[in-house]
Each structure stands twice: as structure tokens, then as C-alpha cells.
1. How many nm is it between the label spots at Ala205 and Asp174, if each spot is 7 Å from the Cα in line with the beta carbon?
2. Given 0.36 nm per residue, what is the gain on full extension from Ala141 to Arg111 after removing their alpha carbon distance, in nm?
3. Out of residues 5 or more away from Val45 or on other chains, whose amide H comes under 5 Å of its own, with H placed 1.01 Å from N in the peptide plane?
4. With labels modelled as points extended 7 Å from the Cα through the Cβ direction, what inter-label distance (nm, one decimal) is found for Ala185 paired with Asp241?
5. Å³ per residue of the Cα convex hull, for the chain?
6. If you keep only loop residues by DSSP, which GluC sites (Glu not before Pro) in the stretch 27-71 have at most 14 other Cβ atoms within 10 Å of their Cβ?
7. What FRET efficiency do you get for Asn248 and Thr301 if R0 is 25 Å and r is their Cβ-Cβ distance, rounded to the nearest 0.05?
8. What number does the stretch 135-208 give for Rg over Rh if you use C-alpha atoms and the Kirkwood radius?
Amino acid sequence: MDASHPYSALTPDCALDALDSTGLKADGRLLALNSYENRVYQMGVEDGLPVVVKFYRPERWSDAAILEEHAYTIDLAAREIPVVAPLTLNGVTLHAHAGFRFAVYPKQGGRMPEFDRADTLQWMGRFLGRIHAVGAQASFAHRPALDIETFGFASRDFLRDGNWLPADLVAAWDSVVEHALASVAHCYERAGPVHAIRLHGDCHAGNVLWTEAGPHFVDFDDSRMGPAVQDLWMLLSGERDEQQAQMNEILTGYEDFMEFDPRELHLVEALRTLRLIHYAAWLARRWDDPAFPAAFPWFNTQLYWQARILELREQIALMDEPPLVA
């Protein structure tokens, strides 16, 4: 396997053979699903329902970290919380074939949630409250935390050390990212000590499938330890008054099952800022994967970095404003 292109050896035949190795017999139908960090396929099964097979990016997670994610989602599913957990096949959830580690999931249909509806937001809040109530009962031992160190400083250093910025924008970027991270630190200071729990970690609309039975949460691949509000702020959109109304509805449902610490609202814009910095570094880290230049051709252009500098300046201003209220 070419280490610079970890998925070059994952041919359709290899993917189908991997499923066969679990005892499920692939019928030859294979559909690539929208995923870049990992490779994910819907596959047909002889005499059975289709499944979704996720091939983990080599060297990203340890086996122990992947199994922690699996155990968490299986625990949630056992409590009848609507998450899509991996199937246990031959007594295990993590499999290996031809140098790739993978997991098999039941196929879950659904549509994008309508986050402009109050009842949808309350419904999301209730299930996130149930997820967090379980997440608060234990800690991850092998998965990292979501904090200013991992998402902020590490991302800044990777971009700086890799010379990703155009020469004429380096000074402006260095100045704004330092200011932004200082503002993030001030937000954490204003919040005070907050409790870290096991999170979904990437709870955006694309990872929620809506059915007549309500939401189903998928893809816990980014599950980490962090403040509960991380899984809430990603459901917000629009101007401040709109976000305030949305947060009110979410918390109305959330607090049916889990108490929310209102001090965490100081972290909403700080966490958004960390995600923006981390996302730029994520694209840079994956740029040797041929799928990334094809999918993100705008990355690393002059206009891209100019927009990121402006975006961080806007975030600095937002972090100086009073937080949303519970």
C-alpha cells in the first residue's frame, strides 16, 4: 500500500471481498457514499438487506479508540436511543482485510432534518439529552479531547510548519489566528471549569437522518470528550436572534433528560472558531489523498486564505459579544 495514498489499494473487488470475509455474502452491488475521512460504501447482500461498510483511514485511530466508539454507540442503541451502531459479526465489530480495518452497519434511510421547525429542534434536544446522559456516565480512555490544544494550537502549528499560507498572507494569518485563539481562551475563562463528557463530536445536519420515528444519529467517528454544547451549537444557524430562539427550543427538549450548564454558552463562538481552524488544517493534512484535491479544488488558493482571515476576524468580534442565554 502506498502510504501517501492510503486508499489506492481499496478497489471495488477488495471492498466486496472484505464484506465476504465477515460471513455476509456480497451480491456485487456497491455504491460509494459521501465520505472523505474514511471510505464508506453501501453494499448489497445475498438473501439479506443492504449494509453500509466503513473502511477506516489507516493510522488515524488505534484499534482501542475505534472499539471505544463502537462500545459507546452499542450502549446507546441498547438503551433504545436512535443511533446507528455497528453490527457484531463473528463476535466482533472491528474487522480487517487486506490491510484495511472496517466495520459493517445496518443501512438507515432518512432525510435531512427541518431545523426551522420548533418541534424538530425540541425532538433533537431530547435525544441529545439522552445521548449525553449516557455519555456523562464514563470517559473515553483512548480518544482525544476536543479543546483549544487539539483543535486550536495543534492546527495552527500544522499550517504554520507546513508553509501552507501564501507568502503575502502569512503575517495577516499569523496575527489573526493568534488573536482568535486568545479570544477562545478568554471565552473558556469566562465560562469557568466545564464538565467534559463523551460527545457525538460532529453533530451537523448531515449526520442526522430523519424518519417518521424522528432523528437517527449516524457517524460517531469523531466522538471525543468535550463540553456538551459542542453537540448543540452545530444545530444553530442564522442571526443571533434566530440562534437564540433555536437554542431555547433545543434546551426545552434537552433538559427533559440532561441538565445543561448555562456557562457553556460562553463557548459557542469559541468552539465554532476552533472548528474553522481545525477544518483548514484537516484539509491540509489530507491533501495527499487524491480525493481531496478533486473534491475541494478551492482549498489553498489565495481567495481561500483571504476568506479564512476575514472569517476569523468576524469570529473575534462575535467572541467579544455577550453569549446566548439559557
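1. Each label point lies 7 Å from its Cα, and together they span 3.9 nm.
2. Values: separation 30, 0.36 × 30 = 10.80 nm, distance 3.38 nm.
Here the answer is 7.4 nm.
3. Asp27, Val51
4. Here the answer is 3.7 nm between the modelled labels.
5. Looking at the chain, the number lands at 138 Å³ per residue.
6. Glu46, Glu59
7. It comes to 0.05.
8. My calculation of the ratio gives 1.06.
Computed from the coordinates by the stated procedures, all read-outs in this text should not be read as laboratory data. Predicted model only: the values in this text are computed from it and were never measured. Virtual Cβ from ideal backbone geometry, glycine too; neighbours counted across all protein chains shown.
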